[in-house]
Amino acid sequence: MVVLPVLGKSQPYEVRPSKIIALGLNYHSHIAESHSVKVSGFTEEVPQEPLLFPKTPNVLAGPGEPIVIPAFLLDYGFADLRTDYEAELAVVIGKKCKNIKAGEAFDYIFGYTCMNDVSQRNIQSGDRSGWFRGKSLDTFGPIGPQIAPREAIPDPNSLRIQCRLNGKTVQEASTAQMIFRIDYLIEFISKNFTLMPGDIIATGTPGGVGRIRHGDIVEVEIEKIGILSNPVVEEWLR
């Protein structure tokens, strides 16, 4: 659980999702870098429908908390150990929804925040079961620095999103460039799964993803929400 302030409100919000549903390949610019990411299932083909995968709630970390790259990864002897940042807009669901139409979708949103969909590429590529484990290691989903309620952002489909690594801008895009828009995503996801209050939808990352290492500082900034900043710790170097 992470407790975040809510823009314009005195009561903080306990982020306690029953599930986190994430989007893969939701920006053309990210699809275009498939050759460098080298992950199974990551191709240059544009998805015909949203590509969903789970992240478990243990990934959550708050602003300023470390992203911990676990020591057990050394046991595999990977020749090129790679863990990446991925800046994303996260949608926090406000009330139970099932089979919701896109035109009603925003009525079911509590608010929006920044998320870093940290990804362990070696496991993500190697696991026969898919992306689940490489996306769900402890601390691999920092969130914050606050939640902007839905009324504060009339159009979440048009927000500037950036990621900075040690002060250098490495990702920069607009949510207007998403292949599948937020309202459609809620329609599609709620056909498949009942969404509960507090559930999170991570809407995908633009191009520019890259490696993080011990001592790095990763910042995810989204217009009208703020800056999420987290240090990176390699557990074996603590």
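The values are calculated or read from the model by the stated rules, or taken from the named source; none is laboratory data. The shown structure was predicted, so the numbers you read here are calculated from the model rather than taken from an experiment. Here the Cβ is made from the backbone with ideal geometry for all residues, glycine too, and neighbour counts use every protein chain on show.
For GLU45, only one of the following conditions fails: (1) loosely packed, with under 13 Cβ neighbours inside 10 Å; (2) in a helix (DSSP H, G or I). What is its number? Failing condition for GLU45: (2).
Filtering the range 57-79 to residues that are assigned to a loop (DSSP other than H, G, I, E, B) and over 24 Å from GLU219 (Cβ atoms) leaves GLY77, PHE78, ALA79. When LEU4, LEU25 are checked against the criterion of being at pLDDT below 95 and surrounded by 19 or more Cβ atoms within 10 Å (Cβ to Cβ), LEU25 stands alone in meeting it.
Would you check if there is a residue in the range 186-200 being among the charged types (D, E, K, R) and under 30 Å from ASP75 (Cβ atoms)? Among the residues of the range 186-200, not one is among the charged types (D, E, K, R) and under 30 Å from ASP75 (Cβ atoms), which makes the answer no.
Looking at the range 115-133 only, could you name the residues that are surrounded by fewer than 22 Cβ atoms within 10 Å (Cβ to Cβ), at negative phi and not polar (S, T, N, Q)? Quick ask: steps written out before the conclusion?
Pass one, the range 115-133, residues surrounded by fewer than 22 Cβ atoms within 10 Å (Cβ to Cβ): 121-123, 125-130, 132-133.
In the following step, the residues that additionally are at negative phi were identified as 121-123, 125-129, 132-133.
Correct list: ARG121, ILE123, GLY126, ASP127, ARG128, PHE132, ARG133.
Sort out which residues of the range 161-215 are over 30 Å from GLU104 (Cα atoms), surrounded by fewer than 18 Cβ atoms within 10 Å (Cβ to Cβ) and of a type in the set (Val, Ile, Thr), and write them in order of number. Hits for the range 161-215 are THR169, VAL170.
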